[in-house]
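K.L.:
Got a structure here, written out as structure tokens. Questions coming.
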Amino acid sequence: MNDAELDKFRQLLQQQRNSLKDSLQLAQGSLQTVELDQTSVGRVSRGEALQSQSMAQETTRLKQQQLRDISMSLSLIESGDYGYCNICDQEIDPQRLNINPTAIMCVPCASTQE
């Protein structure tokens, strides 16, 4: 992979990281504790609020995992190891990286891991 391609992926990953961080900051309000006072909120509303809170927690967990993946990919770019499969050490197809710039396995190895 040449320097221009690496720079393109670095910028893409940094944009994704910034977008995820902004999204996580906006979602903080959805993670607040749900009030269980029956006099102010009915059963259905409480149930919906708890479900909404649970979904927000899972979304936050997934976004945090994506941030970790992005940080790892940026570290791999800096070390010169980006774009190589963790299993077979072959170069990952740039088309795969265009779709998922945090991919750490080539398609054949990823297929055998699933």
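Only the coordinates and a few stated rules stand behind these numbers; no lab work does. Fair warning: this is a prediction, and the values are worked out from it, not measured in the lab. FYI the Cβ positions are ideal-geometry reconstructions off the backbone, even for glycines, and counts take in every protein chain you see.
K.L.:
Set the Förster distance to 30 Å, then compute FRET efficiency between Glu58 and Val107 from the Cβ-Cβ distance, nearest 0.05. The partial results should precede the final answer.
P.N.:
Numbers: r = 28 Å, r/R0 = 0.92.
In this case the efficiency is close to 0.60.
K.L.:
Same structure again: May I have the pair-distance distribution P(r) for the chain, computed from all Cα-Cα distances with 10 Å bins from 0 and rounded to whole percent?
P.N.:
Going from the shortest bin to the longest, the percentages are 13, 33, 23, 16, 11, 5, 0.
K.L.:
Stretch Asn100-Leu12 to full length: gain in nm at 0.36 nm per residue minus the Cα-Cα span?
P.N.:
Details: separation 88, 0.36 × 88 = 31.68 nm, distance 1.03 nm.
Stretched fully, the Asn100-Leu12 segment lengthens by 30.7 nm.
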